[in-house]
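**Student:** I have a structure I would like to understand better, so I am pasting it below and will then ask my questions one at a time.
Nothing in this text is a laboratory measurement; each read-out follows from the coordinates by a stated rule. None of these values were measured; they are calculated from a predicted model. Quick reminder, even Gly has a Cβ in these numbers, built from the backbone with ideal geometry, and neighbours come from all protein chains shown.
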Amino acid sequence: MTNFQATQLPHCREVEFSLKGQRDYVHGTSVCDALFDLFGPDFNRFDIKFSQRLLNSRCTLHVSDSSSDVPTGACSGQVQLRGETVYFALQSAEEEGLAARVDYPEYEIVANSELSADHCSMSPNDAYTFIENLVALTKAWHLHRAPPQGGQWMFARLELTRPVMRCARLELQLQSEMAGRMTCSEVVVDGEAVGRMYFSLSG
């Protein structure tokens, strides 16, 4: 997606996503990468929440400088962009998407990871984006420290204080855990804390 200007708000467009691996829903990494591409490298705060799965590869993206202009979506959030707060939400489109598929070999991505009860780290795989590395690492860590007896660990929320394109070292430090069903972890890149990652246990 091409970057938009604040003068284009409110803004609405359809977005076609590829599905990763054998998933039947749009992966959170695909959504984040599309939004990072849209907002460009100048944002200084980013917050996205996933309330449900996007089951259609074709989605409608709503962006506005007023939260009242943005409908409830499967995922929503806000970003600080050139001093202004911009709100966004994604909904499944009415028309069915093409659902092209791309590979996302999570186990290969995290092959060099180091996992413990409250901390994990790795050197990112440069063949994949920052968010693809981050989510793959977070998932592998949760499966290591708290294998689910039922349900699935899911990407629930991401807060970033600045854009991250590439890094030499990626780390997560557990900050809190809520009833064994949601975690909040500090995201550290090259020794700098840049945000928080939330994972939740569904099912």
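**Student:** Is the chain best put as rounded, prolate or oblate by its Cα gyration tensor, with a ≥ b ≥ c the root eigenvalues, rounded for a/c under 1.5, and otherwise prolate when a/b is larger than b/c, oblate when not? Provide the component values of the computation, followed by the final result.
**Tutor:** Numbers: a/c = 1.65, a/b = 1.37, b/c = 1.20.
It comes out prolate by the Cα gyration axes.
**Student:** On to the next question. Can you give the FRET efficiency to the nearest 0.05 for residue 82 and residue 119, using r as the Cβ-Cβ distance and R₀ = 35 Å?
**Tutor:** The value I calculate is 0.50.
**Student:** Right, another one. With labels modelled as points extended 7 Å from the Cα through the Cβ direction, what inter-label distance (nm, one decimal) is found for residue 47 paired with residue 168?
**Tutor:** Taking the simple label geometry, residue 47 and residue 168 are separated by 3.3 nm.
**Student:** FRET efficiency for residue 96 and residue 66, Cβ-Cβ distance as r, R0 = 35 Å, nearest 0.05?
**Tutor:** Details: r = 30 Å, r/R0 = 0.87.
Calculated transfer efficiency: 0.70.
**Student:** Could I ask something else about it? To two decimal places, what compactness ratio does region 6-101 give when its Cα radius of gyration is scaled by 2.2 N^0.38 Å? Intermediate values should be presented prior to the final figure.
**Tutor:** Details: Rg = 13.0 Å, N = 96, 2.2 N^0.38 = 12.5 Å.
Compared with the compact-globule rule of thumb, region 6-101 sits at 1.04.
**Student:** Pull out the extension gain between residue 144 and residue 192, defined as 0.36 nm times the separation in residues minus the alpha carbon to alpha carbon distance; nm, one decimal.
**Tutor:** 14.8 nm
**Student:** Let me ask something else. By how many nm would the segment from residue 107 to residue 37 grow when fully extended, if each residue of separation counts as 0.36 nm and the alpha-carbon distance is taken off?
**Tutor:** Value of the extension gain: 22.6 nm.
**Student:** Using only Cα atoms, tell me the angle between helix 28-39 and the longest principal axis of the chain; keep it within 0 to 90° and round to the nearest 10.
**Tutor:** 50 degrees
**Student:** Also, quick follow-up: Please state, as a whole number in µm²/s, the translational diffusion coefficient that the Stokes-Einstein equation yields for region 106-202 at 37 °C and 0.692 mPa s, with Rh defined as the Kirkwood radius across alpha carbon pairs.
**Tutor:** 248 µm²/s
**Student:** Pulled fully out, how much extra length does the chain show between residue 175 and residue 9, if you take 0.36 nm times their separation in residues and subtract their Cα-Cα distance? Display every interim value, and only then the final one.
**Tutor:** Working: separation 166, 0.36 × 166 = 59.76 nm, distance 3.62 nm.
Taking residue 175 through residue 9 to full extension adds about 56.1 nm, to one decimal.
**Student:** Roughly speaking, what is the centre-to-centre gap between region 54-108 and region 149-198 when only Cα atoms are used, to the nearest Å?
**Tutor:** Answer, in whole Å: 20.
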